[in-house]
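Here's the structure, in structure tokens; my notes come after.
The values are calculated or read from the model by the stated rules, or taken from the named source; none is laboratory data. Predicted, not measured: the structure shown is a model, and the values here were computed from it. Note: ideal-geometry Cβ built from the backbone for every residue, glycine included; neighbour counts use all protein chains shown.
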There are 2 protein chains.
Amino acid sequence: MVKLRAKKIDLEIGKRMVLLHEQDALEIGTLAHDWVKISSKTQKTVAFLDTTKSYLNPGQIGIFKDVYEKFKVKDGTVISVSLARPPESIELIRKKVHGKPLSKDEYHSIISDLVHHKLGDIQIAAFLLAEQFHGLTMEEIEYLTRAMVDTGTTIDFDRSCFDKHSVGGVPGNKVTLLIVPIVAAAGLLIPKTSSRAITSASGTADTMEVLANVEFDAAELKEIVLRTSGAIVWGGKLGTAPADDLLIRIEHPLNIDPYGQMLASILSKKLSVGADHVVIDIPVGDETKVKTIEEARRLAQNFVELSERFKIHLQCGITYGGQPVGHMVGPALEAKEALLALEGKGHASLVEKSTALAGVLLEMGFVAQQGQGKQVAKDILASGKALKKMREIVEFQGGDPHVRSDDIKVGHKSVALKAPCDGFVTNVSNAAITRIARAAGAPKEKGAGLLLRWKRGYKVKKGDTLIEIYAERSTKLNEARTLAMKLNPVTIEGMLLHMIPEI
Amino acid sequence: MVKLRAKKIDLEIGKRMVLLHEQDALEIGTLAHDWVKISSKTQKTVAFLDTTKSYLNPGQIGIFKDVYEKFKVKDGTVISVSLARPPESIELIRKKVHGKPLSKDEYHSIISDLVHHKLGDIQIAAFLLAEQFHGLTMEEIEYLTRAMVDTGTTIDFDRSCFDKHSVGGVPGNKVTLLIVPIVAAAGLLIPKTSSRAITSASGTADTMEVLANVEFDAAELKEIVLRTSGAIVWGGKLGTAPADDLLIRIEHPLNIDPYGQMLASILSKKLSVGADHVVIDIPVGDETKVKTIEEARRLAQNFVELSERFKIHLQCGITYGGQPVGHMVGPALEAKEALLALEGKGHASLVEKSTALAGVLLEMGFVAQQGQGKQVAKDILASGKALKKMREIVEFQGGDPHVRSDDIKVGHKSVALKAPCDGFVTNVSNAAITRIARAAGAPKEKGAGLLLRWKRGYKVKKGDTLIEIYAERSTKLNEARTLAMKLNPVTIEGMLLHMIPEI
């Protein structure tokens, strides 16, 4: 134990942290990244430790705002500091690092400490890497899923509940905006929670936000769904499976996505909203998360096996992910394309995919006979009932109940990219399309994005427009255009791909 | 790219970091823990990114002192921020995470980025965990060792150079303070660099510091050794193999010590000071780093194999690590015990171990015939030449050249623990001894520590003193005494180990 004088640091850093001079840290037997007990005459608490060689003098302890908001101190207050016993879960993470499987209680302990901010970044990294290295048994994935559900908010609708999820990686995948109203129009409950984009051009929550509010708490979501059968909201404010966001913050910079963790993360979100009938969209393609049909089959089988452990009815649809879904990418453009499809003016590929997935849920809910789901979904779409339901959902989420595709404003700055020669479109790059749309300002600038005139297999003539880029600001439009010239997002057979040396 | 207004944060955190509001981070396509390019009208640089939801408003960028000391800004300066291409080594770490061995250049790239502070904590954690999981081939350990040497200061004495290293985990291991003067007295160069304690009661540098200064730079070390043949200094100020300290900062909280990394770390320190003849002390025991003789043999073989790749002559001595070395633990007490031995008044176990290890070096240096090294070392010790050499080294390091064991002051507060019954000492716990010495104030309070009256195998009578604890302050003495009562550091056959219920 050492006694140090407090120095308040007016900075909120999102974790309960104190700062010690390296010498004082060594005196209590650590370098950094450990938990310490701190106590004054009247209070005590536990905090995470970092060290400095210069900001503090030996004998001082820096108290960040996250700590001093509850642990009241003045500059100069004498504080006792000693090593705290690390949370039990640190030992459990170490166990997993050494390749041993963990029990139900052990997963609960880790995930509980995670959501209570008791784990440091490097311990979270160790947990994720141990999952990546050693893998998880199906039993462990079950325990992990359960722990992720139990440490967050759950919603119970007291009746059967339907849901869909796309494994991701394909730009323009606005199928949720068709599936939810189709399924809800058939009278089934579908409380869809979605994410915002991190690296994509638009998350479903970003797209829906063009039409309505998406930030609701769990009670509000429940109320909306009980009244309209459907909703499309952002998952971030609900408090469901909060561990997921904390893990993503570390997975992202490490660029890993441990297989068992991915299964658990997806299923925990579905279980948290009480879904017991689920369809999973697994797009397959070079530039998506799942590269081959074999991988997709294995993933689908594991999803089914896992869902059986929770007594939920789950089916997976393996879909084509080799190019963007539909023709529009970016929040407003995707909202517009979804409304066009609901108004009966959608491109075939978007309508086929959406009704196929919606049809699976309709069959599960016994509102369509086996084998008839897709046709029933198409009928609901053609009848205008899905559009009516979408407008109802938009209204309940605080948007304009009369919204039409024509009303959706896209960026007023635009530029067209032309085909440099005659030929067939042989490739449309998901990654390039996403980068160009983001350069144009998506997802933050809702009107930014792009429109693909032609997709794979179409024949184009020199001078035909291939892509229109939309932006809200000229600087962004120029950035996107320059990037598009460099990336060649659309390949035409016969086109010169590179000039060497570059011109 | 986003444009944000600077807000200076008067805090030095030891890494080049900027802080963004989460919304702005998402706009450039990241969550945190990524590298970003920042530029103002006149300057640009790269910094590591963390995010906040509350400390900044969207549109602001927090610039920590580590950055604004070079990248000059005022509050309100407009700064452009975009994602930077991550350092190449991030991709290489990922490769190792996925189990692929790395090349010589690839290890150099990782270690170079590490010492230039281009890697975040979680990336360092990923590197270490990948080493732990997948292991390293002997080739990889060679590359890693080379990279660690090449990214730091190296010293070249232009002649053969000797060194020793203890793998560690045993309290009271002051053999360096005997080996260095014995070897130097025989005319061989031995520039010994040592560490300070992190979790032990006294590192060799802490012990030597009782007698002399230990903080020197590489040029100073070279000068001392060229004049006296020997030195015992702290490694931290030399700049040799700086990667090691940066890795230890992450290994410590993760409580891992990847095998290949340990070999590389040790050997890189030896190579950095130009050692080409090395003896490694591998203590074996329940509470040391190496638990079994089999493990020790494997480690020894790997050390030898690795050293051959660098054309250095290395031998390992497997030693008994089941209890503390000698009878004294703590900086001043260990310095005192070492001087006692140099004065010819040492306990047999300390003298036997020290001369055995020193003898290996004497044989390597051809100042003793094969099989005669230990005896020659004992002769040097008995002749007083080692004491004379030690005083010379102490003098060159700025200490008192007339120092005697009697001059060493130990803590003036002390307490004795008595044997509770008659019997044989069956165990002395390394871990308990270390914890008690640290509770008494070691290593920071130099006089703190303890004296073991009896060790394994000795017969004691009820009421005999088992341990004397020394401290500089009564509060610390009481803490150590309370802990000793709880831990039972010395076990006597027939002793009651626990009372249940506790009294």
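Descriptive notes on the structure:
- A:A368 buried (at least 21 other Cβ atoms within 10 Å of the Cβ) and assigned to a helix (DSSP H, G or I): no
- Filter result for B:G423 (touching a Lys or Arg at 6+ places or on another chain (Cβ under 9 Å), at pLDDT 90 or above and on the phi > 0 side of the Ramachandran plot): no
- Of the criteria (1) modelled with pLDDT of 95 or more; (2) of a type outside the set (K, R); (3) over 29 Å from A:E363 (Cα atoms); (4) crowded, with 20+ Cβ neighbours inside 10 Å, which one A:S112 fails: (4)
- Filter pass, B:T137 being out of contact with any Phe, Trp or Tyr (no Cβ under 8 Å at 6 or more places or on another chain) and within 16 Å of B:G260 (Cβ to Cβ): yes
The rows are residues; the columns are (1) within 14 Å of chain B (Cβ to nearest Cβ); (2) at pLDDT 90 or above.
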| site | (1), (2) |
| --- | --- |
| A:N430 | no, yes |
| A:A442 | yes, yes |
| A:G447 | no, yes |
| A:V490 | no, yes |
| A:M499 | no, no |
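- Among (1) within 25 Å of B:A201 (Cα to Cα); (2) crowded, with 17+ Cβ neighbours inside 10 Å; (3) touching a Gly at 6+ places or on another chain (Cβ under 9 Å) - the single one A:I28 does not satisfy: (3)
- Scanning region A:75-118 for residues being more than 26 Å from the chain's Cα centre (by Cα), of a type outside the set (A, V, I, L, M, F, W, C) and in a loop (DSSP other than H, G, I, E, B) gives a total of 11.
- Take the conditions (1) farther than 30 Å from A:T30 by Cβ; (2) surrounded by fewer than 17 Cβ atoms within 10 Å (Cβ to Cβ); B:V460 misses just one of them, which is (2).
- Members of region A:116-141 that are surrounded by fewer than 21 Cβ atoms within 10 Å (Cβ to Cβ), of a type outside the set (S, T, N, Q) and away from chain B (no Cβ under 14 Å): A:H116, A:M138, A:E139
- Those helices (runs of 4 or more DSSP H) of region A:192-295 in which 3 or more residues are surrounded by fewer than 23 Cβ atoms within 10 Å (Cβ to Cβ) and under 12 Å from the mean Cα position of the chain (by Cα) occupy A:243-254, A:259-272.
- Out of B:R453, B:R435, one residue alone is within 25 Å of the chain's Cα centre (by Cα) and among the basic types (K, R). It is B:R435.
- Residues of region B:52-74 satisfying the condition of being part of a loop (DSSP other than H, G, I, E, B) and over 20 Å from B:Q23 (Cβ atoms): B:E69, B:K70, B:F71, B:K72, B:V73, B:K74
- In the set (1) over 30 Å from A:S429 (Cβ atoms); (2) among the hydroxyl-bearing types (S, T, Y); (3) not in a helix (DSSP H, G or I), A:T319 fails one condition alone, (1).
- Cβ pairs under 6 Å, 6+ apart, first in region A:202-227 and closer than 15 Å to A:L189 by Cβ, second part of a helix (DSSP H, G or I): A:I224/A:F396
- All positions within region B:408-428 that are touching a helix residue (DSSP H, G or I) at 6+ places or on another chain (Cβ under 7 Å), surrounded by 19 or more Cβ atoms within 10 Å (Cβ to Cβ) and outside any strand (DSSP E or B): B:I408, B:V410
- Hits in region B:9-21 - residues which are crowded, with 17+ Cβ neighbours inside 10 Å and more than 9 Å from chain A (Cβ to nearest Cβ): B:R16, B:M17, B:V18, B:L20, B:H21
- Among the residues of region B:320-373, the ones that are hydroxyl-bearing (S, T, Y) and within 23 Å of B:I436 (Cβ to Cβ) come to 2 in all.
- The one condition from (1) closer than 30 Å to A:A201 by Cα; (2) more than 10 Å from chain A (Cβ to nearest Cβ); (3) surrounded by 19 or more Cβ atoms within 10 Å (Cβ to Cβ); (4) not basic (K, R) that B:E88 does not meet is (3).
- Matching option when the condition is within 13 Å of chain A (Cβ to nearest Cβ) and closer than 26 Å to A:R196 by Cα, among B:A47, B:A25: B:A25
- Residues located in region B:202-214, provided they are within 15 Å of B:G172 (Cβ to Cβ) and either modelled with pLDDT under 95 or not hydrophobic (A, V, I, L, M, F, W, C) (or both): B:S202, B:G203, B:T204, B:D206, B:T207
- Among the residues examined, B:M364 does not qualify as at pLDDT 95 or above and over 27 Å from B:L271 (Cβ atoms).
- Test: residue in region A:379-389 that is at pLDDT below 95, assigned to a helix (DSSP H, G or I) and surrounded by fewer than 21 Cβ atoms within 10 Å (Cβ to Cβ): no
- Summed over region B:380-409, residues that are farther than 14 Å from B:L342 by Cβ and either of a type in the set (D, E, K, R) or over 28 Å from the mean Cα position of the chain (by Cα) (or both) total 3.
- Considering region A:150-187, and only residues there that are part of a helix (DSSP H, G or I) and aliphatic (A, V, I, L, M), the residue that is nearest to the chain's Cα centre (by Cα) turns out to be A:L177.
- Inter-residue pairs, beta-carbon under 6 Å, first at negative phi and in region A:56-77, second part of a helix (DSSP H, G or I), 6+ apart: A:P58/A:Q23; A:P58/A:D24
- Residue in region B:140-149 that is closer than 18 Å to A:A125 by Cα and under 22 Å from the mean Cα position of the chain (by Cα) present: no
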